[in-house]
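Let me begin by presenting the structure, written as structure tokens, before commenting on it.
The values are calculated or read from the model by the stated rules, or taken from the named source; none is laboratory data. Quick caveat: nothing in here was measured; it's all calculated off a predicted structure. Quick reminder, even Gly has a Cβ in these numbers, built from the backbone with ideal geometry, and neighbours come from all protein chains shown.
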Amino acid sequence: MRLDGKPIDNSGELSRRVAVLAPGSTIQLDVIREGSAKSVRATLGAFPDEKEGAQGEEAGAKGAVGVRIQTLTPDLAGTLGIPTDTKGVVVAEVVAGSPAEEAGLQPSDVIVSVNGRDVASVEAFKAEIDRARPTGLARLRVRRASGGLFLIVRFK
């Protein structure tokens with residue numbers, strides 16, 4: 001992967017480099033999708049705040065997952081390069097040292113189900129996490145640019 005012609009080694013580096021750019025900046029991303037090299041131009045938007053839909057938990061709250069999420073919209077799905085009819089919640093931020101980080105969740109991951117139940121909104125995600133808490137873990141079906149995977153979040 002490359003950002004404006006410079007190599008990117010991992011998603012953390014991509015997040016850090018994009019974070020220092022101003023909203024409205026245009027970037028060039030060179031990525032590999034489905035085995036083919038592609039070049040994508042994107043205009044950066046402002047990171048959503050609580051008022052715009054990204055929601056999270058207190059980092060130290062017992063049983064907290066450690067993510068800020070927002071409901072996936074067709075526009076956001078298009079930006080992420082996934083089908084616009086995909087339903088789920090997008091990970092906006094992962095808290096360092098949280099169960100979400102330990103499970104391997106990354107910013108821009110799309111969580112489509114929790115323990116086999118579809119989550120098409122922030123509210124549905126929170127309800128399924130609340131349902132899973134007594135068991136001590138949640139199985140997340142995640143869509144990532146590289147494909148689909150399952151991750152296990154173990155509550156602290």
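Quick notes on this structure:
- Qualifying position, being surrounded by 14 or more Cβ atoms within 10 Å (Cβ to Cβ), within 21 Å of residue 10 (Cβ to Cβ), modelled with pLDDT under 90 and within 13 Å of the chain's Cα centre (by Cα), among 92, 100: 92
- Residue in segment 96-106 that is of a type in the set (A, V, I, L, M) and either in a strand (DSSP E or B) or free of Cβ contacts under 8 Å to residues at least 24 places away in the same chain (or both) present: yes
- Taken as a whole, the condition of being closer than 30 Å to residue 41 by Cβ and either at pLDDT 95 or above or surrounded by fewer than 18 Cβ atoms within 10 Å (Cβ to Cβ) (or both) does not apply to residue 134.
Residue-by-condition table, conditions (1) at positive phi; (2) in contact with a helix residue (DSSP H, G or I) (Cβ under 7 Å, 6 or more places away or on another chain):
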{"position": "94", "(1), (2)": "no, yes"}
{"position": "100", "(1), (2)": "no, no"}
{"position": "107", "(1), (2)": "no, yes"}
{"position": "116", "(1), (2)": "yes, no"}
{"position": "141", "(1), (2)": "no, no"}
{"position": "149", "(1), (2)": "no, no"}
